[in-house]
1. Considering only the range B:97-113, state which residues are more than 8 Å from chain A (Cβ to nearest Cβ) and either touching a Pro at 6+ places or on another chain (Cβ under 8 Å) or not hydroxyl-bearing (Ser, Thr, Tyr) (or both).
2. Which ranges mark the strands (runs of 3 or more DSSP E) fully within chain A that have 3 or more residues being of a type outside the set (A, V, I, L, M, F, W, C) and either crowded, with 16+ Cβ neighbours inside 10 Å or free of Cβ contacts under 8 Å to residues at least 24 places away in the same chain (or both)?
3. Restricted to the range A:1-24, and to residues that are under 13 Å from residue A:101 (Cα atoms) and more than 12 Å from the chain's Cα centre (by Cα), which residue is modelled with the lowest pLDDT?
4. Filter the range A:78-100 down to residues that are over 17 Å from residue A:52 (Cβ atoms) and within 10 Å of the chain's Cα centre (by Cα) and give me whichever is nearest to the other protein chains (Cβ to nearest Cβ).
5. Can you name every one of the strands (runs of 3 or more DSSP E) wholly within the range B:1-71 that holds 1 or more residues which are closer than 24 Å to residue A:35 by Cβ and without any contact (Cβ under 8 Å) to a residue 24 or more places away in the chain?
6. Quick one: in the range B:48-70, of everything that is among the hydroxyl-bearing types (Ser, Thr, Tyr) and within 14 Å of chain A (Cβ to nearest Cβ), which residue is farthest from residue A:100 (Cα to Cα)?
7. Run residue B:73 past the list (1) within 10 Å of another protein chain (Cβ to nearest Cβ); (2) at pLDDT 95 or above and report the number of the one that doesn't hold.
8. Here's a check for you: in the range B:76-113, which residue that is aliphatic (A, V, I, L, M) and not in a strand (DSSP E or B) is modelled with the highest pLDDT?
Amino acid sequence: DQQVKQNSPSLSVQEGRISILNCDYTNSMFDYFLWYKKYPAEGPTFLISISSIKDKNEDGRFTVFLNKSAKHLSLHIVPSQPGDSAVYFCAASDGGNKLTFGGGTRVLVKP
Amino acid sequence: DGGITQSPKYLFRKEGQNVTLSCEQNLNHDAMYWYRQDPGQGLRLIYYSQIVNDFQKGDIAEGYSVSREKKESFPLTVTSAQKNPTAFYLCASRAVSSGNTIYFGEGSWLTVV
């Protein structure tokens, strides 16, 4: 039973435009959410996070939105750059000691 | 430089052999984790440890073993009982006092032939 789902396996976007990545979760105990970026054959790097007491968190070109009633979060990247081409994972925590990850979305930013 | 070091980066082993992947961190983090990633899939938790000399099974612990004798080190042994060991293995750590963000090493590719 996948508790964190990223339903779009891939996304292609033109450089300079907005990339929107989506993530849905089923466990209502999740109260902290994170996004990671991963290049091939490398470890994921932390991008941005959001607590369930907020509905938006922004860091430079990256903004995460959380809709608790819909159990949905999204990551917006504006403007998208070629270096953003990578796999993005969303992850969730229930306040315990481990993160549950989604399956990832591969983003391709075309010049 | 502070960070998480995994070794080796690439490892080939024959079927039926045990293999141990090393993970060392100098971040003074309390918790350490092992995840596995298969091609085109997400990260699945194998084992984690919150303190020295203690560890818990994750979602896919069968065929793996770990130890946590030192705070800095969390080696993972892939045993011959693991049915599909070929994968990308990721070690991670977290400072328990500073929230839920975990930080990853560079990963180790294990190929069993």
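The values are calculated or read from the model by the stated rules, or taken from the named source; none is laboratory data. Being a predicted model, the structure only gives us computed values, none of them experimental. For neighbour counting, all protein chains shown are included, and Cβ atoms are generated from backbone atoms with ideal geometry for every residue, glycine included.
1. Start the filter on the range B:97-113 by keeping residues that are more than 8 Å from chain A (Cβ to nearest Cβ), which leaves B:97-98, B:108, B:110-113.
Selection gives B:108, B:110, B:112, B:113.
2. Working: elements: A:10-14, A:19-25, A:32-38, A:45-51, A:56-59, A:62-67, A:72-77, A:86-93, A:105-110.
Counting at least 3 such residues, we get A:19-25, A:32-38, A:45-51, A:56-59.
3. A:1
4. A:89
5. Working: elements: B:4-7, B:10-13, B:19-25, B:31-37, B:43-51, B:54-57, B:64-66.
Per the criteria, B:43-51.
6. Filtering the range B:48-70 for residues among the hydroxyl-bearing types (Ser, Thr, Tyr) gives B:48-49, B:64-65, B:67.
From what's left, within 14 Å of chain A (Cβ to nearest Cβ): B:48-49.
Details: B:48: 13, B:49: 16 Å.
Across the range B:48-70, the extreme among qualifying residues is B:49.
7. If we test residue B:73 against (1) within 10 Å of another protein chain (Cβ to nearest Cβ); (2) at pLDDT 95 or above, just (1) comes out false.
8. In the first step, residues of the range B:76-113 are kept if they are aliphatic (A, V, I, L, M); the result is B:76, B:78, B:81, B:87, B:90, B:92, B:95-96, B:102, B:110, B:112-113.
Restricting the remaining residues to those that are not in a strand (DSSP E or B) gives B:81, B:95-96, B:102, B:113.
Working: B:81: 86, B:95: 88, B:96: 78, B:102: 91, B:113: 86.
Here the answer is B:102.
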